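One structure is given below, encoded as structure tokens.
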Amino acid sequence: AHTIGLARCTNFRNRTYHEKNINGFFAKERQERCPRIVGHGDNNLAPLDVQTPTVFDNNYYKKLLGYKGLLHSDQQLFNGGPTDSIVHTYAENPDAFYADFIAAMIKMGDNKPLT
């Protein structure tokens, strides 16, 4: 879950300038810190969740509903596909998000790595 963290300009430049499934105002704000020209501002950072960048919460999913996913892969979770309903659920029900996140972390922790 990209509810906390930052991304480099090189990871979201193409999305903010070329993709159609992005909120125009959101894209313009990101473009201010990430110039179109490759090599300019490449290391500039933007938060994955603008509203609550240091809080583990479900705001990330709320932003996807408004087409404000910073990374292409983020917005693909809500783009007319089979995961749209999950994004809606997590955006509207933080307890569902927390419960599923905890279950996923436990499941990953139970995996036995190959040695």
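So the values come out like this:
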read-out: Residue in the stretch 10-24 that is of a type in the set (A, V, I, L, M) and surrounded by fewer than 17 Cβ atoms within 10 Å (Cβ to Cβ) present; value: no
read-out: Residues of the stretch 1-52 satisfying the condition of being of a type in the set (Val, Ile, Thr) and in a loop (DSSP other than H, G, I, E, B); value: THR3, ILE4, ILE22, ILE37, VAL38, VAL50, THR52
read-out: Filtered residue count, the stretch 49-100, keeping only those that are under 19 Å from ILE22 (Cα atoms), in contact with a Ser or Thr (Cβ under 7 Å, 6 or more places away or on another chain) and in contact (Cβ under 8 Å) with a residue 24 or more places away in the chain; value: 3
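Computed from the coordinates by the stated procedures, all read-outs in this text should not be read as laboratory data. For clarity, every value in this text was computed on a predicted model and none was experimentally measured. Neighbour counts are summed over all protein chains in view; Cβ atoms, including those assigned to glycine, are modelled from backbone coordinates with ideal geometry.
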